[in-house]
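The next block holds one structure in the form of structure tokens; read it before the comments.
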Amino acid sequence: MKKSFDYIICGAGASGLLLANAMIEDKFFRNKKILLIEKDKKSINDRTWGLWDNKTNVLDSILHKSWDNAEFIGKSFKKHFLLEPYKYKMIRAIDFYSHFLKKVENAPNFEYVNASISEIISNSTDNYINTSIGNFKAKLIFSSLPKNDKMNLKKYPLLNQSFIGWTIETKEDVFDEKTMTLMDFNRNQKDETRFIYVLPFSSRKALVEYTLFSEKIISDQDYENGIKEYLNEKEIDNFKIIEKEKGNIPMTCFPFEKSNTNKLIYIGTAGGWTKPSTGYTIKNAIDKSKEITSYIKSNKALEHFNKRNRFWYYDLILLDVLKSTKGHGYKAFSYMFKRNNPIKILTFLDEKTTLFEEIPILLSVNKIPFIRALINRLAEIIDRIIRRPD
Ligand SMILES: Cc1cc2nc3c(=O)[nH]c(=O)nc-3n(C[C@H](O)[C@H](O)[C@H](O)COP(=O)(O)OP(=O)(O)OC[C@H]3O[C@@H](n4cnc5c(N)ncnc54)[C@H](O)[C@@H]3O)c2cc1C
């Protein structure tokens with residue numbers, strides 16, 4: 001017989017743990033039986049999360065560091081700016097896992113199981129998961145497990161945000177510990193969009209990441225050469241690598257939310273919570289976890305959760321441009337940051353601007369590729385309307 005729960009959360013990564021936490025914090029869920037299931041031990045610092053934020057959030061108690069200043073570096077300009085009202089916050093995954101797993105352990109209505117999920121069965125009669133240690137059923141299942149959706153790549157281009165980061169320690173003071181580098185595009189773009197991201201923890205310690213937005217992934221050695229080249233330019237040669245991280249975040253407008261039903265909801269990257277044009281996920285995961293709990297409390301149909309907004313269309317066009325302008329993708333970000341107040345751009349990327357505020361931003365980019373991408377999308381829509389059988 002399958003053990004039964006009100007909710008099952010599949011995966012104790014970013015979205016699974018943030019959803020679990022949102023339920024723990026809300027007394028509505030105290031009498032619900034909830035299972036959290038994860039295949040890994042979550043005992044390794046496998047990633048570093050960064051986000052800009054202008055309010056307090058559930059991650060504040062485990063921040064590793066935050067910055068009040070940032071810089072954006074284009075090919076021919078450099079903008080140093082005060083992040084206020086934002087702060088750029090950074091969390092080590094290991095602190096995140098141990099903090100939230102402890103909260104789950106202490107929550108009497110939660111059960112945490114370390115096992116691998118082999119299948120999720122959700123249809124009109126059943127709603128359960130098969131795992132390496134048995135089967136569990138629930139009224140509602142949330143899954144953050146990677147999904148192998150067959151994507152229509154013509155309709156929704158997919159770019160990889162792939163990167164390798166080194167946390168290095170130097171013998172001398174070489175970093176400005178007060179300023180993080182959001183994007184440094186001053187490197188050979190080689191037909192893609194390439195930049196360096198730097199989080200300086202102190203004047204002698206920093207995470208330096210070489211990142212690509214591209215269709216293809218390059219070899220690890222090429223990313224590492226990108227880091228070495230950057231350090232060489234900065235005349236940083238006396239250092240030791242103390243940690244490495246590697247990632248590949250999908251950048252796509254694919255409508256992941258269409259797989260949601262009233263019994264099975266995809267969360268995290270699998271649920272389309274990753275911002276397509278930036279790859280940032282963690283902040284969306286905080287907001288969307290709270291949104292899900294309020295949907296459940298108000299009995300709103302969960303299949304309508306995570307609806308598209310106008311920012312989805314902006315992201316779609318930007319991805320088209322990044323894909324088509326081979327090696328010139330950096331211009332879109334550079335013009336935005338050069339011609340506008342950077343704080344407005346961060347608010348825009350956060351999807352918190354008004355239409356009125358968006359007009360100057362939309363007009364500030366390199367217009368020709370954007371107009372071309374827009375015309376192609378409109379032509380596609382018209383074509384679909386004409387061909388659609390009655
Ligand atoms: C190195 C790295 C750095 C990143 N940096 C940032 C950043 O700075 N800012 C940001 O916003 N985003 C960042 N991201 C992107 C994004 O935030 C993370 O990938 C985030 O973890 C996505 O959350 P998630 O819940 O969708 O997936 P995950 O956090 O990957 O969680 C999925 C969980 O499911 C578990 N799982 C998978 N299969 C099974 C199975 N069969 N059975 C049981 N459990 C299973 C996994 O072990 C994992 O714990 C980064 C990603 C990486 C890889």
Next item on the list: In Å and from the alpha-carbon atoms only, list the Rg and Dmax of region 159-251.
Entry: 12.8, 38
Next item on the list: Could you calculate the FRET efficiency of Ile121 with Ala301 from 1/(1 + (r/R0)^6), where r is the beta carbon distance between them and R0 is 22 Å, rounded to 0.05?
Entry: 0.55
Notebook entry, point to check: What residue among Met251, Met336, Met151 shows peak mean-square fluctuation when the chain is described by a Gaussian network model with Cα springs under 10 Å?
Noted result: Met151
Checklist line | Residue-by-residue Karplus 3J(HN,Hα) for region 95-104, coefficients 6.51, -1.76, 1.60, Hz, glycine and proline x | finding: 5, 4, 4, 5, 5, 6, 5, 5, 5, 5
Notebook entry, point to check: Based on the mean of other beta carbon atoms within 10 Å per residue, what is the order of 345-357, 93-105, most packed first?
Noted result: 93-105, 345-357
Next item on the list: Would you be so kind as to identify which of Phe142, Tyr86, Ile120 lies farthest towards the positive end of the dipole of region 49-157, taking Lys and Arg as +1 and Asp and Glu as -1 on Cβ and the Cα centre as origin?
Entry: Tyr86
Margin query: How big is the dipole moment of the chain about its Cα centre under a simple scheme where the beta carbon of each Lys and Arg is +1, that of each Asp and Glu is -1, and everything else is neutral? Debye, nearest 20, please.
Written below: 1080
Next item on the list: Per residue of region 52-61, in order, report the coupling 6.51 cos²θ - 1.76 cosθ + 1.60 (Karplus, θ = phi - 60°) as ³J(HN,Hα) in whole Hz, putting x for Gly and Pro.
Entry: 9, 7, 10, 9, 7, 9, 5, 8, 4, 6
Note to self: If the only charges are +1 at each Lys and Arg Cβ and -1 at each Asp and Glu Cβ, what is the size of the charge dipole of region 310-387 around the Cα centre, to the nearest 20 debye?
What the structure shows: 280
Next item on the list: For region 4-80 and region 120-137, write down the distance between their C-alpha centroids in whole Å.
Entry: 26
Check: Once both labels are modelled 7 Å past Cα along the beta-carbon direction, what's the Asn69-Asp222 spacing in nm?
Finding: 3.5
Item checked: Neighbourhood charge, 12 Å Cβ-Cβ cut-off, centred on Pro369 and excluding it, Lys, Arg +1 and Asp, Glu -1 -> +4
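So, by mean Cβ neighbours within 10 angstrom, what's the order for 311-322, 161-172 with the highest one leading? Intermediate values should be presented prior to the final figure.
On the way: 311-322: 20.2, 161-172: 18.8.
Ranking, from highest mean packing down: 311-322, 161-172.
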Check: Considering only DSSP beta bridges whose two residues both sit in the chain, what percent are antiparallel, to the nearest 5?
Finding: 70
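Count the net charge of all other residues whose Cβ sits under 13 Å from the Cβ of Tyr330, scoring Lys and Arg as +1 and Asp and Glu as -1.
Charge balance near Tyr330 sits at +4.
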Notebook entry, point to check: According to the square roots a ≥ b ≥ c of the eigenvalues of the Cα gyration tensor, what is the shape class of the chain, taking rounded for a/c under 1.5, prolate for a/b larger than b/c otherwise, and oblate for the remainder?
Noted result: oblate
Check: Given R₀ = 35 Å, FRET efficiency for Leu374-Glu172 by Cβ-Cβ distance, to 0.05?
Finding: 0.10
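Computed from the coordinates by the stated procedures, all read-outs in this text should not be read as laboratory data. Since we're looking at a predicted model, the values are computed, not measured. Using ideal geometry, Cβ is built from the backbone for each residue, glycine included, and neighbour counts are taken over all protein chains shown.
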